[in-house]
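Here the structure is laid out as structure tokens; the discussion comes afterwards.
The values are calculated or read from the model by the stated rules, or taken from the named source; none is laboratory data. All figures in this text were calculated on a predicted structure; none of them were measured in a lab. Here Cβ is always computed from backbone atoms with ideal geometry, including for glycine, and neighbour counts include all displayed protein chains. Just so you know, the surface numbers come from the protein's heavy atoms only, side chains and all, with ligands and any DNA or RNA stripped out. Shrake-Rupley method; radii C 1.70, N 1.55, O 1.52, S 1.80 Å.
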Amino acid sequence: MNNLFLTARLFVLILILAACNGAKKTEPTESAKSGKEVTVKKGKKTILFFGNSLTAGYGLDDPSKSFASLTQKRIDSLGLDYKVVNGGVSGETTAGGNSRVDWILKQPVDVFILELGGNDGLRGIPVSETKKNLQSILDKVKAKYPDAKLVLAGMQMPPSMGKKYTTEFRNVYTDIAASNKLTLIPFLLQGVGGEAKLNQQDGIHPSVEGHKIVAETVWKSLKDIL
């Protein structure tokens, strides 16, 4: 009964999120808003998080609490020469990301972390389209920066979207990771998705505590390639 209740609750919240993302966008970060290069201190390498509202830190009063910013703090504490650039825009789909990625690649990129697809799933966009767009984004990065290390953040849809769709959607990430031989974060929201106490009131976007867990999930995959 609890599982049925949680599934129904997630479905309702997904509809709310879809409407929210269609009507309101998180204020883009410096690079995402202007399309200009972010000045990176000479000698530092660049880690670019390219994603949607999850990356942008949607709903947080303090953007420095987002998992991307927390990743920067960890890197600084370890004395590593990397600068994190937050390229997250709320409501972004893979199609939007594919159109946007060209100008954001005007800046140097050493590590490219792709976090897109969630909004595709919420809108029921065909899995084949999501896969094509994700691959296109990666191809553009590889063409511009062939030595850049690539990381793909996997996403999943709740059971309410149907077994066939959720399975095919999940497999998009594993398939792309295998064919491109890149680093895969199996599920970005592992331990956070569906946990009310770790999410904001919409039940979808992580709270401050949720972002801390997401940052740990990201770091497990990122630390070995820095």
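Within the range 148-162, does at least one residue satisfy the condition of being more than 12 Å from the chain's Cα centre (by Cα), under 20 Å from residue 58 (Cα atoms) and of a type in the set (A, V, I, L, M, F, W, C)? Yes, there is a match, as at least one residue in the range 148-162 is more than 12 Å from the chain's Cα centre (by Cα), under 20 Å from residue 58 (Cα atoms) and of a type in the set (A, V, I, L, M, F, W, C). Can you work out which of the residues in the range 142-160 that are of a type in the set (Gly, Ala, Ser) and assigned to a loop (DSSP other than H, G, I, E, B) is least open to solvent (accessible area, probe 1.4 Å)? Per the stated criteria, the residue is 154. Determine, yes or no, whether residue 120 is of a type outside the set (Lys, Arg) and surrounded by 17 or more Cβ atoms within 10 Å (Cβ to Cβ). It is true that residue 120 is of a type outside the set (Lys, Arg) and surrounded by 17 or more Cβ atoms within 10 Å (Cβ to Cβ).
None of 197, 163 is surrounded by fewer than 18 Cβ atoms within 10 Å (Cβ to Cβ), free of Cβ contacts under 8 Å to residues at least 12 places away in the same chain and out of contact with any Pro (no Cβ under 7 Å at 6 or more places or on another chain) except 163.
If you go through the range 81-117 one residue at a time, how many are under 25 Å from residue 43 (Cβ atoms), open to solvent by less than 60 Å² (accessible area, probe 1.4 Å) and not charged (D, E, K, R)? Count: 12.
One line per residue, one yes/no per condition, for (1) assigned to a loop (DSSP other than H, G, I, E, B); (2) closer than 19 Å to residue 203 by Cα; (3) within 11 Å of the chain's Cα centre (by Cα):
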residue	(1), (2), (3)
49	no, no, yes
71	no, no, no
76	no, no, no
80	yes, no, no
83	no, no, no
87	no, no, yes
95	no, no, no
99	no, no, no
113	no, no, yes
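Scanning the range 169-194 for residues that are open to solvent by less than 50 Å² (accessible area, probe 1.4 Å) and assigned to a helix (DSSP H, G or I) gives 169, 172, 173, 176, 177, 180. Here 135, 156 are screened, and the one residue that is modelled with pLDDT of 95 or more and in contact with a Lys or Arg (Cβ under 6 Å, 6 or more places away or on another chain) is 156.
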